[in-house]
Amino acid sequence: MSDFEPKIVAYCCNFCAFAAADLAGAMRVQYPPNVRIILLPCTGKVDAILLMKAFEDGADGVFVAGCMEGECHFVEGNLRAKKKVAYVKRLLEEVGTDPQRIEMFNLSSAMGGRFAEIVEEMTKRIKELGPVEVDGERGPEEK
Ligand code: FES
């Protein structure tokens, strides 16, 4: 499906990934427009229901981007987020969806270029996987 443009939801920590996305914009670094950024005070705020709801609402891919390990402003929010992403990967597998549709990344606020790379990487990956399907059925926007 060559004209498929995936919808990707990015849950970004205010202190790092969101600032990195802002920096990428200020540096005029180009990246695919497929991502919708959701600002969080810390990635520790994500939970499995929130992450699965993004898929239910039509996302083809999701990523969580938090501070570098050991640098979370709430001590271990990013470590909790990492565990939740791993859990959702298992849930996706159970419903017959590729677990690569969700990923956790760690970056600092100075990594605007890395943020753009992550968006490119996820967009390429999800384009290859195609639209999200659960047990052979497409998501809400594809029906
Ligand atoms: Fe950034 Fe916790 S404050 S991940």
Filter pass, A19 being modelled with pLDDT of 95 or more and either assigned to a helix (DSSP H, G or I) or closer than 27 Å to L129 by Cα (or both): yes
Take the conditions closer than 26 Å to E128 by Cβ, free of Cβ contacts under 8 Å to residues at least 60 places away in the same chain, within 10 Å of the ligand (Cβ to nearest atom) and not acidic (D, E) and apply them to G44. Does it pass? no
Taking into account only those residues within segment 15-38 that are under 12 Å from the mean Cα position of the chain (by Cα) and of a type in the set (A, V, I, L, M), which is nearest to the ligand (Cβ to nearest atom)? A17
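Among G96, G113, which is the only one that is out of contact with any Pro (no Cβ under 7 Å at 6 or more places or on another chain), assigned to a loop (DSSP other than H, G, I, E, B), of a type outside the set (A, V, I, L, M) and more than 14 Å from the ligand (Cβ to nearest atom)?
Residue meeting the stated conditions: G96.
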Cross-chain or 6+ apart pairs with Cβ under 6 Å, segment 68-80 first and within 8 Å of the ligand (Cβ to nearest atom), then among the charged types (D, E, K, R): none
Of everything in segment 62-93 that's in contact with a Leu (Cβ under 9 Å, 6 or more places away or on another chain) and assigned to a strand (DSSP E or B), which residue is farthest from F15 (Cα to Cα)? V62
Look at segment 38-61 and say how many of its residues are assigned to a helix (DSSP H, G or I), modelled with pLDDT of 95 or more and exposed (fewer than 15 other Cβ atoms within 10 Å of the Cβ). 3
Sort through F63, F18 and tell me the only one that's in contact with a Cys (Cβ under 8 Å, 6 or more places away or on another chain) and on the phi < 0 side of the Ramachandran plot. F18
Which of the residues spanning segment 1-14 are more than 10 Å from the ligand (Cβ to nearest atom) and assigned to a loop (DSSP other than H, G, I, E, B)? M1, S2, D3, F4, E5, P6, K7
Looking at (1) under 15 Å from K7 (Cβ atoms); (2) at pLDDT 95 or above; (3) crowded, with 21+ Cβ neighbours inside 10 Å, which is the only condition T123 fails? (3)
Aliphatic (A, V, I, L, M) and within 11 Å of the chain's Cα centre (by Cα) - does that describe any residue in segment 66-75? no
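The values are calculated or read from the model by the stated rules, or taken from the named source; none is laboratory data. Bear in mind that the values here come from a model prediction, so they are computed numbers and not experimental data. Every residue, glycine among them, receives a Cβ derived from its backbone with ideal geometry; neighbour counts consider all protein chains shown.
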